[in-house]
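The values are calculated or read from the model by the stated rules, or taken from the named source; none is laboratory data. This is a predicted model, so every value here is computed, not measured. In this analysis, Cβ positions are derived from the backbone assuming ideal geometry, glycine residues included, and neighbour counts consider all displayed protein chains.
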Amino acid sequence: MRTRQHVNVNATSFETFTGELPELSEGRPVEIEIGCADAQFLFERAAKDPGRTYVGLEIRENLVRAVNRNARVLDLPVQAIFVHATHHLSKLFPERSVRHCYLNFPDPWFKRRHWDRRMINESLLRQLHPIMEPGGDVFMQSDVFEVALDAMHAFESCEDIYENFSGAWSFWKEGNPFGVRSWREMNCEDEGMPVWRMRYRPRATAASPR
Ligand SMILES: C[S@@+](CC[C@H](N)C(=O)[O-])C[C@H]1O[C@@H](n2cnc3c(N)ncnc32)[C@H](O)[C@@H]1O
């Protein structure tokens with residue numbers, strides 16, 4: 001499928017949420033990938049365990065349509081939502097509803113002059129915390145060291161609400177524990193490129209006791 005590689009995430013058109021809310025079912029665990037692109041990671045998760053709901057958030061509308069089409073064809077419980085996640089994440093899910101959140105290889109064009117386009121920042125992480133289940137986790141991976149370090153800075157700036165599985169300011173060194181790979185992850189590993197990973201758990205807070 002031909003698709004535009006990037007969109008201008010700073011366009012004012014993304015400030016209003018025009019997508020559809022995810023369809024969730026009582027009692028089914030929810031996994032989300034923010035910036036899912038073709039959602040390969042979620043499709044593979046869904047094939048392994050179809051008893052959960054898998055929701056991809058994506059700012060490129062043509063990819064959202066393609067993912068939803070594939071989900072119907074494959075009859076797998078995957079949905080994609082058209083959204084600028086950094087603006088609207090808090091509107092999409094009920095409190096304590098998400099078991100796993102994946103942040104796989106965001107921001108490939110990361111350059112200093114593009115810092116204002118970053119998907120992972122403190123605002124996104126503070127919106128994410130209330131929707132995470134107690135005992136859930138957030139997994140981030142990138143092949144761009146500056147992107148990984150910048151994401152870690154955002155997480156560690158939220159150390160009041162997230163705890164690093166590996167200890168403060170440390171990368172997760174045990175590989176990807178989820179048994180499936182995103183498209184970019186597959187390419188990086190096949191090319192022998194290093195991947196930096198981190199894993200955080202939401203802390204109980206007065207506003208969100210766990
Ligand atoms: C490099 S791709 C990675 C795709 C996939 N996660 C993987 O690992 O193969 C990053 C994706 O994040 C999306 N994205 C970037 N900023 C976003 C935002 N603010 N909200 C939702 N999606 C975003 C991009 O459109 C792109 O599809």
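Could you list, in sequence order, the residues of the range 127-142 that are of a type outside the set (Gly, Ala, Ser) and either crowded, with 21+ Cβ neighbours inside 10 Å or not in a strand (DSSP E or B) (or both)?
Selection gives Gln127, Leu128, His129, Pro130, Ile131, Met132, Val138, Met140, Gln141.
Does any residue of the range 34-47 turn out to be surrounded by fewer than 21 Cβ atoms within 10 Å (Cβ to Cβ), at pLDDT below 95, charged (D, E, K, R) and within 14 Å of the ligand (Cβ to nearest atom)?
Within the range 34-47, not a single residue is surrounded by fewer than 21 Cβ atoms within 10 Å (Cβ to Cβ), at pLDDT below 95, charged (D, E, K, R) and within 14 Å of the ligand (Cβ to nearest atom).
Criterion first (within 12 Å of the ligand (Cβ to nearest atom) and either at pLDDT 95 or above or not acidic (Asp, Glu) (or both)) does Glu185 satisfy it?
Against the criterion (within 12 Å of the ligand (Cβ to nearest atom) and either at pLDDT 95 or above or not acidic (Asp, Glu) (or both)), Glu185 qualifies.
Given the criterion more than 23 Å from Phe139 (Cβ to Cβ) and within 8 Å of the ligand (Cβ to nearest atom), identify the matching residue among Val7, Val73.
When all the criteria are applied, what remains is Val7.
Is there a residue in the range 115-137 that is farther than 29 Å from Pro194 by Cβ, within 14 Å of the ligand (Cβ to nearest atom) and acidic (Asp, Glu)?
no
I need the full set of residues from the range 26-49 which are assigned to a loop (DSSP other than H, G, I, E, B) and farther than 18 Å from Pro177 by Cβ, in order please.
Glu26, Gly27, Arg28, Gly35, Cys36, Ala37, Asp38, Ala39
Sort out which residues of the range 143-157 are surrounded by fewer than 19 Cβ atoms within 10 Å (Cβ to Cβ) and under 15 Å from Arg201 (Cβ atoms), and write them in order of number.
If the condition is that a residue be surrounded by fewer than 19 Cβ atoms within 10 Å (Cβ to Cβ) and under 15 Å from Arg201 (Cβ atoms), then Glu156 is the only one that fits.
How many residues are under 11 Å from the mean Cα position of the chain (by Cα) and under 15 Å from Phe93 (Cβ atoms) when one looks only at the range 8-35?
Matching residues across the range 8-35 total 4.
Working carefully through the options Ser123, Ser170, Ser166, Ser90, find the one that is without any contact (Cβ under 8 Å) to a residue 40 or more places away in the chain, in a helix (DSSP H, G or I) and among the hydroxyl-bearing types (Ser, Thr, Tyr).
Only one candidate qualifies: Ser123.
Restricting attention to the range 175-202, which residues are in a loop (DSSP other than H, G, I, E, B) and over 20 Å from Glu33 (Cα atoms)?
Glu191, Gly192, Met193, Pro194
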